[in-house]
Amino acid sequence: IHEIALGQLGTDKSKSPEILVLSKMLTEEHTIAAAELKIMADKKNISLPVSAENDKDENIGKLIKTKNAIFDKTYIDVVIQYHKEAIDKFEAEYSISTDIEIKDYIATVLPTLKKHLEQAELIQKTIK
């Protein structure tokens, strides 16, 4: 949920070509992953949260108020933080899950999350 909002925010506020490309990718790929997750959850009668953790809402709120170059640095730091947390959670769930469909979903999404993290870390090195 937050990664989609984060992607849209980067597209709306950043002037950096690298962040704009990353933001578009985040929005598109997390939207697809969220739709796939919803289909699986509906099939298994699992209800998904409508909103994620409050601390992430606060981070996005702070980003909305941040301007210019400070935005880009703060934005990329948050993207990296969120993706590290997501990767940790997905890997932990993968190791304990006994549900084949859930494991397949995680195995599909994990490389995408890692790709986003790698891209964000490369961008972070160029931002002063």
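The values are calculated or read from the model by the stated rules, or taken from the named source; none is laboratory data. All values reported here derive from a predicted model rather than from experimental measurement. Please note: Cβ atoms are built from the backbone with ideal geometry, for glycine as well, and neighbour counts cover all protein chains shown. Areas reflect the complete protein model, heavy atoms only, side chains present, ligands, DNA and RNA absent. Shrake-Rupley method; radii C 1.70, N 1.55, O 1.52, S 1.80 Å.
What does the helix-only formula give at 222 nm for the chain: each DSSP H stretch with n ≥ 4 adding -39500 (n - 2.57), the total divided by the residues, and the result rounded to the nearest 500 deg cm²/dmol?
-29000 deg cm²/dmol
What are the radius of gyration and Dmax of the chain, computed over its Cα atoms and given in Å?
Final numbers for Rg and Dmax: 15.1, 47 Å.
What accessible area per residue, rounded to a whole number of Å², is obtained for segment 34-104 using a probe radius of 1.4 Å?
I get 67 Å² per residue for segment 34-104.
At a Förster distance of 30 Å, what's the computed FRET efficiency of LYS67 paired with THR112, Cβ-Cβ distance as r, to 0.05?
The value I calculate is 0.50.
Which aspartates and glutamates have a Cα lying under 16 Å from the Cα of LYS44, excluding residues fewer than 8 positions away in the same chain?
Of all the aspartates and glutamates, those that pass the test against LYS44 - Cα under 16 Å, at least 8 places apart if same chain - are GLU36, ASP99, GLU101, ASP104.
Eigenvalues of the Cα gyration tensor times 5, then square-rooted: what semi-axes does that give for segment 60-128, in whole angstrom, largest first?
30, 12, 8
For segment 87-102, what does the Karplus curve 6.51 cos²θ - 1.76 cosθ + 1.60, with θ = phi - 60°, yield as ³J(HN,Hα) per residue in whole Hz, taken in order and with x for Gly and Pro?
Karplus-based 3J(HN,Hα) across segment 87-102 equals 4, 4, 5, 5, 5, 5, 5, 4, 6, 9, 6, 10, 8, 4, 5, 5 Hz.
Once phi is turned into θ = phi - 60°, what whole-Hz ³J(HN,Hα) does the Karplus curve with 6.51, -1.76 and 1.60 give for every residue of segment 3-17, x standing for Gly and Pro?
5, 5, 4, 5, x, 5, 5, x, 5, 6, 10, 7, 10, 6, x
Got the relative contact order for the chain handy, in percent, Cα pairs under 8 Å and 6 or more residues apart?
Numbers: 102 pairs, mean separation 37.0, N = 128.
Over the chain, the number comes to 29 percent.
Over segment 6-45, what is the mean sequence separation of C-alpha contacts under 8 Å (at least six apart), divided by residue count, expressed as relative contact order in percent?
37 percent
For segment 115-124, just list the computed ³J(HN,Hα) in residue order, Karplus coefficients 6.51, -1.76 and 1.60, θ = phi - 60°, integers in Hz, with x standing in for Gly and Pro.
Each residue of segment 115-124 in turn: 5, 4, 4, 4, 5, 5, 5, 5, 5, 4 Hz.
Please go through segment 1-96 and write out the trypsin sites (Lys or Arg not before Pro) that DSSP classes as loop and that have at most 11 other C-beta atoms within 10 Å.
Taking segment 1-96 and a limit of 11 other Cβ atoms within 10 Å, the loop trypsin sites (Lys or Arg not before Pro) found are LYS15, LYS44, LYS67.
When the accessible area of the chain is split by element with a 1.4 Å probe, what percent falls to carbon and sulfur? Could the numbers behind the result be given before it?
Working: 4650 of 7840 Å².
Accessible surface attributable to carbon and sulfur in the chain totals 59 percent.
For the charge dipole of the chain, defined by +1 on Lys and Arg C-beta atoms and -1 on Asp and Glu C-beta atoms about the Cα centroid, which residue among LEU122, TYR82, PRO111 has the Cα displaced farthest towards the positive pole?
Farthest along the dipole direction, towards plus: LEU122.
Taking springs between alpha-carbon atoms closer than 10 angstrom, which of ASP72, ASP88, ASP99 fluctuates most in the Gaussian network model of the chain?
ASP99
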